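To start, the structure itself, in structure tokens.
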Amino acid sequence: MNKMPETHYLNATKGIKSWLTTVDHKRIGILYLFSIMFFFFIGGMFAILLRLELLTPSELYIDSDTYNQFFTLHGAIMIFLFIIPAIPAILGNFVLPIMIGAKDVAFPRLNLASWYIYMFGSMFAVFSLVSGGVDTGWTFYTPYSTTTSTSVISMTLGAFILGFSSIFTGLNFIVTVHKLRSPGMTWFKMPLFAWGMYATALIQVLATPILGITLLLLIIERTVGIGIFDPAMGGDPVLYQHFFWFYSHPAVYIMILPGMAIISELITAHSHKKIFGYTAIAYSSLGIAFASFIVWGHHMFTSGQSELAAMIFSFLTFFVAIPSGIKVFNWIATLYKGSIAWTTPMLYTLAFLFLFSIGGLTGIFLGALSVDIHLHDTYFIVAHFHYVMVGGTVIAFLGGLHHWWPKMWGRMYNETQAKIACGLIFVGFNMTFFTQFIMGAKGMPRRYHLYDDVYRPFHAFSTYGSWVMAIGFFLMAYYLFRSLYVGKPAGDNPWGALTHEWSITSPPPEHNFESIPITEHGPYDYDKVVAKSTFTEK
Amino acid sequence: MTDNTQTNEPHVLPLSIYLGVGSILIFLTAVTVYAASFNFGEFNLLIAMLIATVKASLVAMYFMHLKYDNKLYLLLFLSAIVFLGIFIVITMFDTLRRGDIYEIKAGAIRDAVIYDSLHITPDAHALEDSLSISTDTTEIVIDTTK
Amino acid sequence: MSQSHTNQPAFMQHHFSDAEQQRESAKLGMWLFLLTEILLFGGLFVFYAIYRAWHPEMFHNAHKVLDVTMGATNTIVLITSSITMALSIRSIQLNKIKQTIWFLVTTLLLAGTFMVIKYFEYEHKIHLGQLPGHYYTYTGVEGTNQHVFFSAYFLMTGLHGIHVFVGMCLIGWLIFKTKAGMFSSQYYTHIEMTGLYWHLVDLIWIFLFPLFYLIG
């Protein structure tokens with residue numbers, strides 16, 4: 001039976017104040033965990049309410065204006081408050097410095113500041129929620145966003161502020177990876193999670209300022225009418241879309257790259273096999289980061305942008321598939337002849353491979369100009385990005401959370417319940433969203449409150465799926481909270497993994513390492529080094 | 001700093017470099033103002049931007065020590081410019097090419113509503129200027145009936 | 001923590017292994033921040049470029065209302081302040097504290113001059129109604145959508161002005177702290193970082209000046 005260490009980062013100092021003024025990257029990760037999961041819950045509630053309303057073709061319990069506000073809030077909260085910060089701010093903060101053998105991130109105070117900025121920005125979002133909501137969709141397209149009477153300004157201001165939080169996290173990670181790697185930790189001995197975080201951080205730093213200026217311009221356009229986006233003032237609404245997607249397309253990769261980073265860790269740790277194609281995966285992260293900047297116009301094929309631009313964007317879009325494909329093939333090759341452990345993180349990893357492949361491949365359909373004209377603004381799009389965002393990022397995030405949970409708290413959750421929850425989420429997710437592919441291909445437009453009766457069975461099935469998924473999430477919340485109190489101590493290395501974080505106690509000591517560790521073996525040298533698992537169910 | 005990154009001794013540039021670069025910057029400001037008094041047509045923009053770029057490079061290289069520092073900083077600095085370039089160029093593939101294939105039926109860019117109250121009627125020349133995007137390109141409209 | 005903790009200077013933070021690592025980290029962080037600044041301004045440059053390409057005549061006509069003399073003076077003022085800022089870093093590298101303070105004060109005064117000149121320019125334009133968007137009431141510029149030029153002008157010079165103001169606050173703080181003996185040739189990261197920021201502000205103005213005042 002394992003024992004919990006006597007002092008660790010959780011009990012080194014006590015009291016609310018010690019948490020609110022902490023500069024420890026692990027504690028900041030935990031602060032982010034609770035605040036981000038709170039917004040995940042809110043965003044999820046909106047999703048459930050939306051699906052419930054769509055159970056019937058006519059109005060069930062909310063009117064169309066409320067419906068518009070609900071899908072906007074679902075989107076805006078999930079994107080800006082949950083999925084963009086989730087993996088970097090929670091798991092990245094907690095794990096990245098330990099993985100590369102550092103005592104903290106490069107700028108601990110800036111790290112804490114980024115959490116406060118996150119909370120400050122989220123207050124604006126909450127304010128717009130209670131002060132009449134927003135009904136523009138999370139994209140705030142002009143000219144509607146400059147004319148609607150809902151509280152667009154506070155929501156965009158919130159997103160603007162959240163952008164700074166994102167920039168600071170990214171900046172911190174880049175410097176940490178460059179300057180704080182421990183002796184022996186060369187670039188190509190870095191765990192792939194660090195590579196993924198690094199590529200994500202580059203996008204965060206390069207793209208987020210453009211979002212900042214875009215939202216600022218939108219706010220000024222709404223108040224002063226400067227004439228950049230509003231056609232009534234001589235502006236060009238399509239230009240807004242360029243500005244918006246120049247950030248938001250790379251932002252899609254801010255969401256998915258960390259997910260891929262987690263999968264690279266999980267797949268090797270839980271199949272105890274050296275990762276296949278380390279360099280290819282590492283470079284493909286950078287490749288995705290670069291490619292993400294030159295394809296934004298594929299969101300605008302039907303917007304009235306020039307045909308030349310549309311063709312260029314369609315052409316360039318296919319290039320994004322290459323690095324993503326490289327990753328998927330390498331992961332599958334890693335599994336080959338591995339000693340696969342059927343742990344919860346592994347189940348999530350397999351779910352990821354399945355769902356992300358569907359999400360990614362449907363993305364290629366949509367990147368083809370002519371196909372997109374038919375599928376644009378239908379449920380096909382909705383299904384596609386949910387397969388990537390939920391099936392990819394959220395599933396990877398949950399896998400990572402289950403993987404590092406024993407490291408965070410020193411305790412293990414109930415594996416049986418975890419597997420059931422994983423199954424429920426997987427089945428519920430496919431019920432909800434695969435139906436939407438079919439519905440979309442048949443022409444059901446997105447964002448419609450009332451719909452034709454022929455789509456009724458699809459919508460109803462999709463709604464049932466959302467309930468299955470919700471049960472899975474509630475079960476997960478239950479066993480995770482429960483594990484904090486009654487979970488069995490997990491020991492230092494419950495998975496028998498080789499990266500640095502598993503060589504220290506769980507939970508880790510306050511300053512991670514007694515002395516800066518020397519990296520002796522590669523992060524995935526399962527063929528050379530054997531690490532015994534410190535945890536058994538019995 | 002230079003290659004000897006291990007030491008804590010700062011790399012001090014001689015005073016003459018700062019004063020020299022400073023004088024060149026002020027001289028180039030005078031040159032660009034002077035050059036603007038001539039009309040080189042299309043080259044006005046090019047000349048002004050060329051001088052500005054030279055000035056900016058001098059500031060970056062000497063005042064910001066990019067010439068002597070870790071080349072990573074130079075790379076970061078240039079990557080910002082490159083991404084900005086991508087943004088401008090690809091966006092212009094749209095904004096300057098609308099109506100190339102299918103004619104834009106409505107006017108591309110109209111006058112803002114505020115001018116109704118200001119009682120300014122845009123002169124014919126200006127109107128043509130604003131609509132040039134669609135009028136210039138009507139000749140290459142593809143006849144889809146064939 | 002096991003590193004030679006006791007011999008380390010007061011400015012060292014616990015998670016760095018030596019002063020050089022700390023300094024290099026701060027510098028990389030600053031450069032990344034500058035990169036975000038370039039891209040933030042970059043959005044406005046895109047705004048300018050696209051509307052200038054759409055309305056070249058109007059931009060040309062509108063730029064004539066700007067005062068080249070004031071703009072050129074401001075350019076020279078800002079460049080000079082950049083020189084003094086660079087010299088203040090050189091002085092602190094040589095451990096000449098008095099000289100450092102002197103150069104910083106000069107920089108601050110020049111920045112103040114820039115803001116005063118800017119104020120007179122703005123004041124004049126506000127008086128004539130050469131304002132962005134709905135507030136545009138001027139009638140002396142030919143072309144379509146003249147207010148867009150002034151939107152770009154006020155946004156870009158305004159955002160730049162805010163940066164100058166922030167820079168002034170930072171320089172003021174540096175003067176205060178240098179007097180208090182915080183910096184020496186061993187540790188002057190804050191001065192160096194502020195210097196980088198200040199040069200970037202100058203660098204952006206180097207582009208704004210010809211784009212608005214000279215070629216419109």
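Counting only other chain Cβ atoms within 10 Å of each residue's Cβ, the peptide A:103-115 averages 3.
Which listed residue (A:Gly304, A:Ser154, A:Gly392) has the Cα farthest towards the positive end of the charge dipole for the protein assembly as shown, taking +1 on Lys and Arg C-beta and -1 on Asp and Glu C-beta about the Cα centre? Sorting the options by dipole projection puts first A:Gly392. Counting Cβ atoms of other protein chains within 10 Å of each Cβ in C:13-24 and taking the mean gives 6. Going by Cα centres, segment A:391-417 and segment C:162-183 are how many Å apart? Between the Cα centres of segment A:391-417 and segment C:162-183 lies a distance of 47 Å. About the centre of its Cα atoms, segment C:21-214 shows a dipole size close to 680 debye [charges on the beta carbon of Lys, Arg (+1) and Asp, Glu (-1) only; nearest 20 debye].
For chain C, the longest principal axis of the Cα atoms and the long axis of helix C:189-209 meet at an angle of about 20 degrees.
Per residue, the convex hull spanned by the Cα atoms of segment A:288-379 measures out at 104 cubic angstrom.
Look at the dipole of the protein assembly as shown built from charges on Cβ: of B:Leu50, B:Gly22, A:Ser324, the Cα furthest out on the positive end belongs to A:Ser324. Amide H contacts under 5 Å for A:Thr378: A:Arg446, restricted to partners 5 or more places along the chain or on a different chain, H placed in the peptide plane at 1.01 Å from N.
Counting only alpha carbon atoms, the long axis of helix C:146-179 and the longest principal axis of chain C meet at about 20°.
With Cα atoms defining each centre, segment C:48-67 and segment A:1-29 are spaced 58 Å apart in the structure. Determine, at each q value in 0.10 (inverse angstroms), the log₁₀ of I(q)/I(0) that the Debye formula gives when each Cα of chain A is one equal point scatterer. After summing over all Cα pairs, the log10 values are -0.79.
Protection proxy ranking of A:273-286, C:36-49, by the mean of other Cβ atoms within 10 Å over each peptide's residues and highest first, is C:36-49, A:273-286. For chain C, modelled as a GNM whose springs connect Cα atoms under 10 angstrom apart, the maximal fluctuation among C:Ile92, C:Ile171, C:Ile162 occurs at C:Ile162. Note on chain C: percent of Cα-Cα distances in each 5 Å bin, starting at 0 and stopping at the bin with the largest distance, equals 1, 7, 14, 15, 15, 13, 10, 8, 6, 5, 3, 2, 1, 0, 0. Candidate cross-link partners of A:Lys189 among the lysines, defined by an alpha-carbon separation under 19 Å and a same-chain spacing of 8 or more, comprise A:Lys103, A:Lys179, A:Lys273, A:Lys274, A:Lys327, A:Lys528. Under the membrane-span-like helix rule (DSSP H runs whose alpha carbons stretch at least 30 Å along the helix axis, mean Kyte-Doolittle hydropathy 0.0 or higher), chain A yields A:25-53, A:108-130, A:152-179, A:192-223, A:237-269, A:307-335, A:344-367, A:415-441, A:456-486. Taking the Cα centre of chain A as the origin and placing charges on Cβ (Lys, Arg +1; Asp, Glu -1), which of A:Phe164, A:Thr279, A:Phe290 is farthest toward the positive end of the dipole? Working it through, the farthest residue towards the positive pole turns out to be A:Thr279.
Helix C:97-128 and the longest principal axis of the Cα set of chain C meet at an angle near 20°. If you take every residue apart from A:Met346 with its C-beta less than 14 Å away from the C-beta of A:Met346, what net charge results, scoring Lys and Arg +1 and Asp and Glu -1? After counting each charged neighbour, the total is 0.
In whole angstrom, how far apart do the alpha carbon centroids of segment B:15-64 and segment C:21-47 sit? If we compute the Cα centre of each part, the gap is 23 Å.
Dipole check for the protein assembly as shown: with +1 at the C-beta of Lys and Arg, -1 at the C-beta of Asp and Glu, and the Cα centre as origin, the magnitude is about 2920 Debye. Per-residue surface analysis assigns A:Ser370 an accessible area of about 90 Å², computed on protein heavy atoms at 1.4 Å probe radius. Entry note, chain A: the mean residue ellipticity at 222 nm calculated from DSSP H runs of n ≥ 4, each adding -39500 (n - 2.57), is -21000 deg cm²/dmol after division by the residues and rounding to the nearest 500. Stokes-Einstein, applied to the Kirkwood radius of segment B:15-70 over Cα pairs at a viscosity of 0.890 mPa s and 25 °C, places its translational diffusion at 201 µm² s⁻¹.
Computed over all pairs of different Cα atoms, the Kirkwood value for the hydrodynamic radius of the protein assembly as shown is 29.3 Å.
For segment A:22-503, a crude dipole built from +1 on the beta carbon of Lys and Arg and -1 on the beta carbon of Asp and Glu, taken about the Cα centre, is about 1780 debye to the nearest 20.
Shielding of peptide A:166-173 by partners, expressed as the average count of other chain Cβ atoms within 10 Å per residue Cβ, is 3.
Under 5 Å between amide H atoms, partner at least 5 residues away or on a different chain: which partners does A:Lys488 have, H built in plane at 1.01 Å? Here the answer is A:Met412, since their amide H atoms fall under 5 Å of that of A:Lys488.
The values are calculated or read from the model by the stated rules, or taken from the named source; none is laboratory data. Note that this is a predicted model, so its numbers are computed, not measured. All Cβ positions, even for glycine, are placed from backbone atoms using ideal geometry, and neighbour counts span all protein chains on display. Quick note on the areas: whole protein, heavy atoms, side chains included, nothing else; ligands and nucleic acids left out. Shrake-Rupley method; radii C 1.70, N 1.55, O 1.52, S 1.80 Å.
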